[in-house]
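The values are calculated or read from the model by the stated rules, or taken from the named source; none is laboratory data. All figures in this text were calculated on a predicted structure; none of them were measured in a lab. Virtual Cβ from ideal backbone geometry, glycine too; neighbours counted across all protein chains shown. Each accessible area value is taken on the protein alone, full model and side chains, heavy atoms only, with ligands, DNA and RNA left out. Shrake-Rupley method; radii C 1.70, N 1.55, O 1.52, S 1.80 Å.
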Amino acid sequence: MITLNVNGKDHALDVTEDTPILWALRDVIGLTGTKFGCGKALCGACTIHLDGQATRSCITPVSLATGKKITTIESIGDTDVGKRVQQAWLALDVVQCGYCQSGQIMSASALLAQTPNPTDEEIDNAMSGNICRCGTYPRIKAAIKNAAKA
Amino acid sequence: MSTPTNTPKQVETLSEQGMRRRNFIIAGVAAGGGLLIGVALPQLFDGKGDASPAKTAEDSAKNAFSPNAFIRIDKDGLVTLIMSKVEMGQGTFTSITMLIAEELGVDPAQVKLEQAPADEKKYADPLLGGQVTGGSTSIRGAWEPMRKAGAVARTLLVSAASQAWNVDAKDCRVENGYVLHTGSDKKIGYGELAEKAATLPVPQEVTLKEAKDFTLIGKPIKRVDSPQKVNGQAIYGIDVRQPNMKIATVAMSPVLGGKLVSVDDSKARDIKGVRKIVKLDDAVAVIADHMWAAKQGLAALDIKWDGGRNETLTMKDIVSQLDQASSDKGRAAPGAVARSDGSFKEAFAKADEKFEAVYQLPFLSHAAIEPMNATVHVQKDRCDVWVGTQVPALAQAGAVGITKLPPEKVFIHNHHIGGGFGRRLDVDFINQAVAIAKTVDYPVKLVWTREEDMQHGIYRPYYYDRLSAGLDKDGKITAWQHQVTGSSIMARWIPQFFKNGLDSDAVEVAKEPLYAPANIFVEYIRQEPPGMVTGWWRGVGATHNTFMVESFIDELAHKVGKDPLQYRLASMGDSPRARHVLEVAAKQAGWGQPLPKGSGRGLSVQYAFGTYVAQVAELEVKEDEVKVKRVVCVVDCGMVVNPDHVRAQMEGGINFGISGALWGEITVNNGKVEQSNFDSYRVMRMREAPVIEVHLVQSTEAPGGIGEPGTAAIAPALTNAIFAATGKRIRQLPIKNSLVAA
């Protein structure tokens, strides 16, 4: 049994230590807001926060999360910065298919938590691990700037 | 957007009760009371194989009337739209709701959406003729019928109120779901009127609002699906959870078209959580408690494949076959003539200057960010499929074929789509999920890994096109020939419309270039590459042929020493809307103004999907790497339903097209696809995204499509800009290869 603290709640899971957090969240706990895209930390759809750090859950085993706090898209709105990011996303109607946006919002929230007023370059660096096939990049960037100002 | 609804029953009720119909709209009592309006949307494919654009809804309704969209107003005043279109990011849920709400006089937020169940006849797309979301057709098909349906409902509700109050209907108006009496304070909600309205005669004619009176259409109304997509609550196909559900993942024959010989699963069975190994003809699936166990199980299998005849297949084979088929001498059979006006041969022979070029486009993956997946529960007397698909009726037909259950026992529950781009117009992965689920008695969610998704795609065809032009001494085009060679998507996907060897998609745009002279010849040569299954990719025929035509016209301009903008304008036929978008784009982009060395601007202009688009790309080339800095896009899509959707689709469509043009290619070696994930199939990331400026042309013309034009027009704007920047002409995509090779 491995215990994961997800969004403030402990979950005892019967999975092997090498199980990526992504599948523990989606298939065992049943939190499906965190998405599967590539399985190799290439697309960022699976981004979560591990003690506040943006982390690709598809390659991070549950063993690395014991004793730490996992935050997912389902509860990021409970934080001040997460709420501002979500509101900026709504104000600019960023989403299209929306599938990658959980990961985008998690990466953006981690960025703003650490860098409240990021430059364009800082945004590019923090966000270039998150692929959006619908190509919503211009709006993501604008929304991050709006959230920073809010 | 889960779907279990009782809609089929309601539809049955409609016909049983002998609904009163007027043209293409019917009205009657909804199941459970209230008012039900049924709308028949027009058909592009009229059943005779004529793929001409829809004329009017009335025309197509004359033959076989069958409503395919429904509006229900229940006794509580709740308005429900039962819709066949699926939301894959294009904003259809929002914009079709706006059309109805505009005429019905309700807030779009008051309209609840339900996904229509699979029913090929009732939910047929008006332009595509099947139950399909694709081809940038949703708004074009819905524009008039959906507004009329709203107007019929409004008229019935007003009649019901005026009768109840014993006043003239002319003295009544609607507002936010209420009928109000002008001259008194009488006011009554739609819910209270619904039942009475349902018994009144359907109006012979309804008057639609004039554009000047629109309160919703033309406004940037917020997307209805945004809130649930920013907090993880939106449910995509891959998010479906069912009681006792297990997860499956597959390995398919690495060699395309290969078969499974044998599997040693002894090690896999020992892995914790692995439940079952399922052998299919061309694949092995592992069913497990969760995806990790399934993946571990798959990795532990010892599989023997028989690659079959594609085991030695290379790109060289595929391209040389295309080259041979495309040449006048080498081809096995004559091409199918798409257009022949005047005499190309005579005009070309007489021309003062002759110019010929070969252009090539690679196979492409859609690489939708949600990998292919489907959840299926096969039981003795029914089959449930939870999936995000652009074609629910095809999904149903596939499941019927595999389970041998009657169609009415196969239920397709459609969901949000994490990227369609044409990939989810095919149902290969759904059929596979049904075949796997058939072997067990519990629900199974099949999830493809990214690697299987990329290596077993339905790829955009490889095209190998020859263009030839004859010019007179002033540089005027007198002869034009376009020979398209590639696989036929239509022959595979919609064979009844593949006629006399002609694939109308393969010659889209090529058949009607904006620069067509009196002597023009366009033909299609079908050449199917071994092993590769090819299909629709965002922008379809226009993505292919706008690259060809807009590259070629640019080359001709430079050949005769003319400015590419002026040469296009001078060569264009009578097309004021094309001329206008081009002129505005050039002006907004600062066409002609100097740029630093190594930078350039490139143009493209296109008419496709009922929409005119012009783009100017500005980029910099440094050490064989292209940095796209700015794209100006001017779009005339007729009447705009939601300007913010148009902007969003242009922005996203352009970025999608840039990814494909710069880096996109699927290649085959020894019969295996060489790309496997986003490391080997590069797509655009944030730092590579240009500034995009979208300008909308005010227009009162009928709405055009917006999902695809942005993607289709961008590639030649890039290659033309690279020519301006470096003098290198790129005739083969992706740009990354040609730039190094050039």
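Considering segment B:526-555, and only residues there that are among the β-branched types (Val, Ile, Thr) and over 22 Å from B:GLY707 (Cβ atoms), the residue that is least open to solvent (accessible area, probe 1.4 Å) turns out to be B:ILE553. Could we say that A:SER102 is touching a helix residue (DSSP H, G or I) at 6+ places or on another chain (Cβ under 9 Å), within 27 Å of B:GLY653 (Cβ to Cβ) and open to solvent by less than 10 Å² (accessible area, probe 1.4 Å) here? Spelling it out, A:SER102 is indeed touching a helix residue (DSSP H, G or I) at 6+ places or on another chain (Cβ under 9 Å), within 27 Å of B:GLY653 (Cβ to Cβ) and open to solvent by less than 10 Å² (accessible area, probe 1.4 Å). Within segment B:269-299, if we keep just the residues that are in a loop (DSSP other than H, G, I, E, B) and not charged (D, E, K, R), the residue that is surrounded by the most Cβ atoms within 10 Å (Cβ to Cβ) turns out to be B:GLY273.
Taking segment B:218-241 as the range and being more than 7 Å from every other protein chain (Cβ to nearest Cβ), surrounded by fewer than 23 Cβ atoms within 10 Å (Cβ to Cβ), under 30 Å from B:GLY638 (Cβ atoms) and out of contact with any Phe, Trp or Tyr (no Cβ under 7 Å at 6 or more places or on another chain) as the test, the residues that pass are B:GLY218, B:LYS219, B:PRO220. If a residue must be under 24 Å from A:THR136 (Cα atoms) and either free of Cβ contacts under 8 Å to residues at least 60 places away in the same chain or not hydroxyl-bearing (Ser, Thr, Tyr) (or both), how many such residues does segment B:388-413 contain? So the count comes out to 2.
For segment B:566-586, the set of residues classified as over 24 Å from B:GLU508 (Cβ atoms) and either among the hydroxyl-bearing types (Ser, Thr, Tyr) or surrounded by fewer than 23 Cβ atoms within 10 Å (Cβ to Cβ) (or both) consists of B:GLN566, B:ALA570, B:GLU583, B:VAL584, listed by residue number.
Only one of the numbered conditions (1) touching a helix residue (DSSP H, G or I) at 6+ places or on another chain (Cβ under 8 Å); (2) at the interface with chain B (Cβ under 7 Å from one of its Cβ atoms); (3) among the hydrophobic types (A, V, I, L, M, F, W, C); (4) not in a helix (DSSP H, G or I) is not met by A:ILE131, and that is (1).
Might you check whether a residue that is in contact with a helix residue (DSSP H, G or I) (Cβ under 8 Å, 6 or more places away or on another chain) and among the polar types (S, T, N, Q) occurs anywhere in segment B:567-580? Yes, that holds for at least one residue. One residue stands out among those in segment A:117-150 that are among the polar types (S, T, N, Q) and open to solvent by 20 Å² or more (accessible area, probe 1.4 Å): the one that is farthest from B:ILE658 (Cα to Cα), which is A:ASN117.
If a residue has to be among the β-branched types (Val, Ile, Thr) and either outside any helix (DSSP H, G or I) or more than 16 Å from B:SER604 (Cβ to Cβ) (or both) to count, how many in segment B:706-742 make the cut? So that I can check it myself, show each step before the final result.
Restricting attention to segment B:706-742, the residues satisfying the condition of being among the β-branched types (Val, Ile, Thr) are B:706, B:711, B:714, B:719, B:722, B:726, B:730, B:735, B:740.
Now drop any that are not either outside any helix (DSSP H, G or I) or more than 16 Å from B:SER604 (Cβ to Cβ) (or both), which leaves B:706, B:726, B:730, B:740.
Adding up the residues that qualify gives 4.
Condition test on B:TYR442, is it within 30 Å of B:ALA351 (Cα to Cα) and aromatic (Phe, Trp, Tyr)? When the stated conditions are applied, B:TYR442 does not pass them. Being under 18 Å from B:ASN655 (Cα atoms), at the interface with chain B (Cβ under 9 Å from one of its Cβ atoms), assigned to a helix (DSSP H, G or I) and in contact with a Leu (Cβ under 8 Å, 6 or more places away or on another chain) is a condition met by no residue of segment A:142-149.
Among the candidates B:ALA299, B:ALA294, B:ALA368, B:ALA338, the residue that is of a type in the set (Gly, Ala, Ser) and away from chain A (no Cβ under 14 Å) is uniquely B:ALA338.
B:ALA194 fulfils the conditions (1) part of a loop (DSSP other than H, G, I, E, B); (2) open to solvent by less than 50 Å² (accessible area, probe 1.4 Å) except for a single criterion, (1). Within segment B:242-265, the set of residues being in a loop (DSSP other than H, G, I, E, B), within 14 Å of another protein chain (Cβ to nearest Cβ) and more than 30 Å from the chain's Cα centre (by Cα) comprises B:PRO243, B:ASN244, B:MET245.
Within segment B:172-185, if we keep just the residues that are open to solvent by less than 70 Å² (accessible area, probe 1.4 Å) and free of Cβ contacts under 8 Å to residues at least 24 places away in the same chain, the residue that is farthest from B:VAL158 (Cα to Cα) turns out to be B:SER184. Residues that are touching a Leu at 6+ places or on another chain (Cβ under 9 Å) and among the polar types (S, T, N, Q) within segment B:417-475 comprise B:GLN432, B:THR449, B:GLN455, listed in sequence order.
One residue stands out among those in segment A:72-91 that are open to solvent by 50 Å² or more (accessible area, probe 1.4 Å) and over 23 Å from A:ASP10 (Cβ atoms): the one that is nearest to the other protein chains (Cβ to nearest Cβ), which is A:LEU90. Scanning segment B:424-472 for residues that are closer than 26 Å to B:LYS246 by Cα, open to solvent by 10 Å² or more (accessible area, probe 1.4 Å) and among the charged types (D, E, K, R), we see that the one that is nearest to the other protein chains (Cβ to nearest Cβ) is B:GLU451.
Of the residues making up segment B:566-577, those that are under 26 Å from B:GLU353 (Cα atoms) and in a helix (DSSP H, G or I) are B:GLN566, B:TYR567, B:ARG568, B:LEU569, B:ALA570, B:SER571. I want to confirm something. Restricting to segment B:556-565 and keeping residues that are assigned to a helix (DSSP H, G or I) and not basic (Lys, Arg), which single residue is surrounded by the fewest Cβ atoms within 10 Å (Cβ to Cβ)? Out of the qualifying residues, it is B:HIS558. Name the single residue that is least open to solvent (accessible area, probe 1.4 Å) among those in segment B:369-387 being in contact with a Lys or Arg (Cβ under 6 Å, 6 or more places away or on another chain) and free of Cβ contacts under 8 Å to residues at least 60 places away in the same chain. The extreme case among them is B:ILE369. In a residue-by-residue description of segment B:687-695, the property of being free of Cβ contacts under 8 Å to residues at least 24 places away in the same chain, within 14 Å of another protein chain (Cβ to nearest Cβ), open to solvent by 10 Å² or more (accessible area, probe 1.4 Å) and more than 21 Å from the chain's Cα centre (by Cα) applies to at least one position.
Selection of first residues in segment B:255-268 that are open to solvent by less than 60 Å² (accessible area, probe 1.4 Å) and of second residues that are modelled with pLDDT under 95, restricted to Cβ pairs under 6 Å at least 6 apart or on distinct chains, gives the following pairs, ordered by first then second residue: B:LEU256/B:GLY531.
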